[in-house]
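What follows is a single structure, written as structure tokens, with notes after it.
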Amino acid sequence: MRKQLVPALLMLLVITVITGIVYPLVTTAFAQVAFKAKADGSLVKVHGQVVGSTLIGQSFTKADGSTDPRYFQSRPSAAGSGYDGKASGASNYGPTNPTFLKLVAQRVAAYRKDNGLAPTVKVPVDAVTASGSGLDPHISPANAYLQAPRVAAARHLGLARVRALIAQHTDKRSLGVFGEPGVNVFGLNLALDRIAP
């Protein structure tokens, strides 16, 4: 038994050192050299202060919690009290759950009201449902274009200029075929702040 136990323990030690210490250190060092900004969380600084990350959605509201008409709004979040990275996750409500259906109906009504839309205008699904993580930083181009008139009016900008900014901040499909195009809300709102604070 000793003949089998010693080599097994040695292999356990070697594999633990390789996969638990060496591999993480090598991959972390490589990421810091080759992809520093992404490895550090794609943090965005304004005047030397971190204001967010392009990888995590966030709320753009007034101090009283109401929608700020000057900003594009992110997807709703089910992560904690909203965009909480420590509580990432979905609501786990099924598509026929009465609580979920009531919540979506409330969000549809609020979205239409906030954006001055007629009752017949279709609301994009990403405007009223949270993503699986609750932290998605992107909205669909359709969602962004429906919000554009509100933002343009609130910032006294031409609608064409706001639509051009949406196009500039729309990420294409990965490798041209995977996923859907998405508008990075945080990047778009920062660009708006630079143009018309």
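The values are calculated or read from the model by the stated rules, or taken from the named source; none is laboratory data. All values derive from a computational prediction rather than experimental measurement. All Cβ positions, even for glycine, are placed from backbone atoms using ideal geometry, and neighbour counts span all protein chains on display.
Filtered by the rule that a residue be closer than 15 Å to residue 73 by Cβ and touching a residue at least 12 places away in the same chain (Cβ under 8 Å), the stretch 95-109 gives 107, 108. Within the stretch 65-92, which residues are modelled with pLDDT of 80 or more and in a loop (DSSP other than H, G, I, E, B)? Listed by number, the residues that qualify are 68, 69, 70, 71, 72, 73, 74, 75, 76, 77.
The set of residues in the stretch 1-41 being under 30 Å from residue 197 (Cα atoms), out of contact with any strand residue (DSSP E or B) (no Cβ under 9 Å at 6 or more places or on another chain) and not in a helix (DSSP H, G or I) consists of 40 alone. Out of the residues in the stretch 84-109 that are surrounded by 15 or more Cβ atoms within 10 Å (Cβ to Cβ) and under 21 Å from residue 65 (Cβ atoms), state the one that is nearest to the chain's Cα centre (by Cα). Out of the qualifying residues, it is 84. Sub-9 Å Cβ pairs linking a first residue in the stretch 170-197 that is touching a residue at least 24 places away in the same chain (Cβ under 8 Å) to a second residue that is assigned to a loop (DSSP other than H, G, I, E, B) and loosely packed, with under 10 Cβ neighbours inside 10 Å, at least 6 apart or interchain, are 196/156, ordered by first then second residue.
Restricting the stretch 118-140 to residues that are surrounded by fewer than 17 Cβ atoms within 10 Å (Cβ to Cβ) and either more than 15 Å from residue 182 (Cβ to Cβ) or modelled with pLDDT of 90 or more (or both) leaves a set whose member that is nearest to the chain's Cα centre (by Cα) is 125. Number of residues in the stretch 42-87 that are touching a residue at least 12 places away in the same chain (Cβ under 8 Å), farther than 15 Å from residue 129 by Cα and hydroxyl-bearing (Ser, Thr, Tyr): the value is 5. Among the residues of the stretch 22-49, the ones that are under 19 Å from residue 137 (Cβ atoms) and either of a type in the set (Gly, Ala, Ser) or at pLDDT below 80 (or both) come to 10 in all.
The one condition from (1) of a type in the set (A, V, I, L, M, F, W, C); (2) assigned to a loop (DSSP other than H, G, I, E, B); (3) touching a Leu at 6+ places or on another chain (Cβ under 9 Å) that residue 44 does not meet is (2). Going by what's in this entry, would residue 57 be described as part of a loop (DSSP other than H, G, I, E, B) and within 25 Å of residue 155 (Cβ to Cβ)? The answer is yes for residue 57.
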